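Have a look at the structure below, then the notes.
The values are calculated or read from the model by the stated rules, or taken from the named source; none is laboratory data. All values derive from a computational prediction rather than experimental measurement. Ideal geometry is used to build each Cβ from the backbone, glycine not excepted, and the neighbour counts take in all protein chains shown.
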Amino acid sequence: MAERSHDLELPRELRPKNAYNLMRLIWTATEWLRAGRPTFRATGVLHDRLVAIKKGGAARRRGRRGGGADPRALDAARAETQLPDRADLPRADALARRIHEEVARRFAANRPGPWGRDAPPTFSVEWSS
């Protein structure tokens, strides 16, 4: 192995897109834990910071702090959340099946659009316990 260590790929350098996605993920998870439902629209200071990061104009160190995307806030929200410890798997399964049936219905109707004629191939969903 020692002779082949030079063949290993080095990690990709940090890119603005990675910081942007991480901040969005932390913020979305924090808000979901606090509110009990997902929120995907960033506004205010967070929105401005995300735009700056996406354009490569914000320093990486500053990018993790402020604007509501703080890993410490995520930990605090996790400790105080009212969400259940486990997902309701039968309910999630029922939702996935309804979505799958709707996609199949639209595809069978052969209407144009991403859920009809132009839809990508469907996937199967299986739950295991």
Contact list please: Cβ distance under 6 Å, first residue in the range 6-34 and in a helix (DSSP H, G or I), second residue modelled with pLDDT under 65, pairs at least six apart or on different chains.
19/60; 19/63; 27/68
So residue 15 ticks every box in (1) surrounded by 13 or more Cβ atoms within 10 Å (Cβ to Cβ); (2) of a type in the set (Lys, Arg); (3) within 19 Å of the chain's Cα centre (by Cα); (4) modelled with pLDDT under 90 but one. Which box is left unticked?
(1)
Looking only at residues in the range 39-62 that are touching a Phe, Trp or Tyr at 6+ places or on another chain (Cβ under 8 Å) and more than 12 Å from residue 28 (Cα to Cα), which one is modelled with the lowest pLDDT?
54
Under 8 Å between Cβ atoms, at least 6 apart or on separate chains: pull out the pairs that start in the range 74-87 with a residue that is without any contact (Cβ under 8 Å) to a residue 60 or more places away in the chain and end on any residue that is surrounded by 14 or more Cβ atoms within 10 Å (Cβ to Cβ) and part of a loop (DSSP other than H, G, I, E, B).
none
By residue number, the members of the range 72-108 that are outside any loop (DSSP other than H, G, I, E, B), loosely packed, with under 13 Cβ neighbours inside 10 Å and at pLDDT below 90 are 102, 105, 108
